[in-house]
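Any read-out appearing in this document is the output of simple, stated calculations on the displayed coordinates, not a laboratory observation. All values reported here derive from a predicted model rather than from experimental measurement. Note: ideal-geometry Cβ built from the backbone for every residue, glycine included; neighbour counts use all protein chains shown.
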C-alpha cells in the first residue's frame, strides 16, 4: 500500500477562503480511501449514515451514524472503507487562522484523537451548527465571514467539552511557558524547528528557555525533539503500510541516513525491521 497523497496543503483545498463545508458521500472506490495522508488544515467529519473504519495516529476506529472526528494538522489518518460499505457525512475543513490561540493550544494539548460517538441531542446540535455554517457559506450575507468563524469556534468548543480532559501526566507539573513550547512542537514537528523558535513561543530568552526546559523535562530541547519525532515514526511504522523513507519525511527528518542511525540507536532495530515485525493495528470503537 502506498503512502498516498502525503501532506495536503490548504492552498489547494481552501484556495478561496478560510473554510469549506460540504455534504459528502464516500465508499470503497473513492479516491482517498485507504490513502494515508496529512494536511495543514483542520478537518471535521460528522457521519449521519453508513459506517466505515478509520486509522488515526496508528489506531483504528469504527465509525457509524452519529460519529464525529476532528483531524488536526498534527494527526495522520486514513479512511478504510471496505467493499459494500459507505458513509454520508458533513465535511468541514478550515485553516488554523480561524481559531484563537487559546483554542488552537487546547486542541493540540489533547492526548487522544478527537473521535467519539455523539448522543442524539449532541448530534442534533452539531448538525444544526454545520447546516447554519453551510448557509453562511452559500448566502454570504453581511458579516458572513465573522459569523462563520464564530460558528467554527463554537463547534470546536463543543468538541473540547465532549473529549476527555486529560494531558500527559508530566505536562500537568510544568510551567506554562514550557508547555506552550511542547504544543508548538506538536503543531510544527514536520518543519525545521530551531531552539530560538521554541524559546520565542515560550516567551523566554534562548539561554533561559534551555535551562528551564532541561530542568522540567530532564532532556535538552533538541533531545526532546528527536525523541518526539522518533516515537511518532515508530507509531507510523507499527501501522505497517508505510515505507521508511515516507516516515522519515513525514516526521520532520531532513536526512534519511540520520533518521536510520537515530532510529537504530533508540530501538535497537532498523525502521524496516520494525515495520515487518508488526501486526495489524488494534480496532477501537468510538466512545
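Brief remarks on what is shown
- Within the stretch 136-149, the set of residues being within 27 Å of the chain's Cα centre (by Cα) and within 18 Å of residue 90 (Cα to Cα) comprises 136, 137, 148, 149.
- Filter result (surrounded by fewer than 16 Cβ atoms within 10 Å (Cβ to Cβ) and at negative phi) within the stretch 215-234: 215, 219, 220, 222, 223, 227, 231
- When the stretch 77-92 is filtered for residues that are surrounded by fewer than 21 Cβ atoms within 10 Å (Cβ to Cβ) and within 13 Å of residue 65 (Cα to Cα), the ones remaining, listed by number, are 85, 86, 88.
- Summed over the stretch 41-87, the residues that are over 26 Å from residue 124 (Cα atoms) and without any contact (Cβ under 8 Å) to a residue 40 or more places away in the chain give a count of 1.
- Residues of the stretch 237-274 that turn out to be farther than 28 Å from residue 196 by Cβ and touching a residue at least 24 places away in the same chain (Cβ under 8 Å), as a count: 14
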